[in-house]
Amino acid sequence: MSTTNPIDVPEAFAALYERHSGASGRAWITALPGLAAEFLDRWTLRPDGPPGHGMASLVLPVTRADGALAVLKLQQVTEDNIDAAPGLRAWNGNGVVHLLDHDPDTGTMLLERLDAARPLSSVADDGAALQILAELMARLVAVPAPQGFRHLADIAAAMLDEVPRAVPGLRDPAERRLVRTCAAAVAELIGEPGDRLLHWDLHYDNILAGQREPWLAIDPEPLAGDPGFELLPAMDNRWQEVVATGDVTRAVLRRFDLLTEVLGLDRQRATGWTLGRVLQNALWDIEDGRTALEPAQVAIATALLNR
């Protein structure tokens, strides 16, 4: 098998990655063709189409020695993805893509081939799409988190420590009050942070059509914690459709109620941890230099608080 030049790194991916990762990103992009060649040889794989990419990884369709279809996922090891492979092993394909092989030193993974052209966002009916997502989420959070994963308790504590420094960065006094209210909700729950294995980024574009099952989750950033911390990415997904209903509060609560019903969650507790997720996003935005909250986050938090 010749692996002289197994991939051409898409220019858009290279530019995006270098912009977000600086010098280390440039070095990784430069080394990427060689890294791909190494794992094509090591795992006896043959390229089977052009590479795809997200913001942080390159995915190369491949064929295994036995003819089975797979994808080679190339990514730098980061705090966000360091537990991805152990998480996928813990789920063992139950509602999520199968992990076929993994190199912990480079973060490279060999994964079951899904249909990247058919994300769940391609399902036009939002209610049907949300039901599919909720049922997958329920299966994922049914698994207890193994020892050693990042824990919501630590993340929540770090958020609460950051609030006093971050809040003054917001221009609007009402938004500053909202962030403090979210922090108060987290403070009430931090003593019971949960022990489920969370995906942490489950939205429509992180669910793809498959052959083994109709739909399977991809790209987890595993975390041990309460399932209520999982809901926000699904609630602000396809936000323009929420706005288009003409009644944002009603649409937000419909999504929240469907998710909590399918997962069997206590709604008061789930509200608190969803406010915690709003808090997390707010702190990230402030850290990035923004002085106003995302309107979707404000609308979701307000709808839940005013219920």
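Residue check: is Leu258 outside any loop (DSSP other than H, G, I, E, B), out of contact with any Asp or Glu (no Cβ under 7 Å at 6 or more places or on another chain) and modelled with pLDDT of 95 or more? Spelling it out, Leu258 is indeed outside any loop (DSSP other than H, G, I, E, B), out of contact with any Asp or Glu (no Cβ under 7 Å at 6 or more places or on another chain) and modelled with pLDDT of 95 or more. Right, Arg139: surrounded by fewer than 17 Cβ atoms within 10 Å (Cβ to Cβ), at pLDDT 95 or above and not aliphatic (A, V, I, L, M) or not? The answer is yes for Arg139.
A count restricted to the stretch 282-298 and to residues that are of a type outside the set (Ser, Thr, Tyr) and either surrounded by fewer than 20 Cβ atoms within 10 Å (Cβ to Cβ) or not assigned by TED's automatic domain parsing to the domain that holds Pro193 (or both) stands at 10. For the stretch 96-110, taking the residues that are surrounded by fewer than 20 Cβ atoms within 10 Å (Cβ to Cβ) and in contact (Cβ under 8 Å) with a residue 40 or more places away in the chain, the one that is nearest to Ala217 (Cα to Cα) is identified as His98. The residue of the stretch 75-88 that is surrounded by the fewest Cβ atoms within 10 Å (Cβ to Cβ), among those that are in contact (Cβ under 8 Å) with a residue 40 or more places away in the chain and not acidic (Asp, Glu), is Gln76.
Of everything in the stretch 183-235 that is under 13 Å from the mean Cα position of the chain (by Cα) and charged (D, E, K, R), the residue that is nearest to Phe149 (Cα to Cα) is Glu221. If you go through the stretch 161-217 and keep only what is among the basic types (Lys, Arg) and in contact (Cβ under 8 Å) with a residue 60 or more places away in the chain, you end up with Arg171, Arg212. Leu72 meets all of the listed conditions (1) under 30 Å from Glu38 (Cα atoms); (2) out of contact with any His (no Cβ under 9 Å at 6 or more places or on another chain); (3) in contact (Cβ under 8 Å) with a residue 40 or more places away in the chain; (4) not acidic (Asp, Glu) but one, namely (3). Figure legend. Inter-residue proximity from the stretch 273-298: first residues without any contact (Cβ under 8 Å) to a residue 12 or more places away in the chain, second residues among the aliphatic types (A, V, I, L, M), beta-carbon distance below 7 Å, spacing 6+ or different chains. Indicated pairs: Asp285/Leu293. The number of residues in the stretch 199-236 being surrounded by fewer than 19 Cβ atoms within 10 Å (Cβ to Cβ) and among the charged types (D, E, K, R) comes to 4. A residue that is over 16 Å from Leu114 (Cα atoms), modelled with pLDDT of 95 or more and part of a loop (DSSP other than H, G, I, E, B) occurs nowhere in the stretch 26-39. For the stretch 111-131, the candidate set comprises residues that are touching a helix residue (DSSP H, G or I) at 6+ places or on another chain (Cβ under 6 Å) and under 15 Å from Ala209 (Cβ atoms); within that set, the residue that is surrounded by the fewest Cβ atoms within 10 Å (Cβ to Cβ) is Ser121. Select from the stretch 237-254 the residues that are at pLDDT 95 or above and crowded, with 19+ Cβ neighbours inside 10 Å and write down the one among them that is farthest from Thr78 (Cα to Cα). Applying the filter and picking the extreme gives Ala251.
The values are calculated or read from the model by the stated rules, or taken from the named source; none is laboratory data. Because the structure is a prediction, the values reported are computed rather than measured. Cβ: placed from backbone, ideal geometry, glycine included. Neighbour counts: every protein chain shown.
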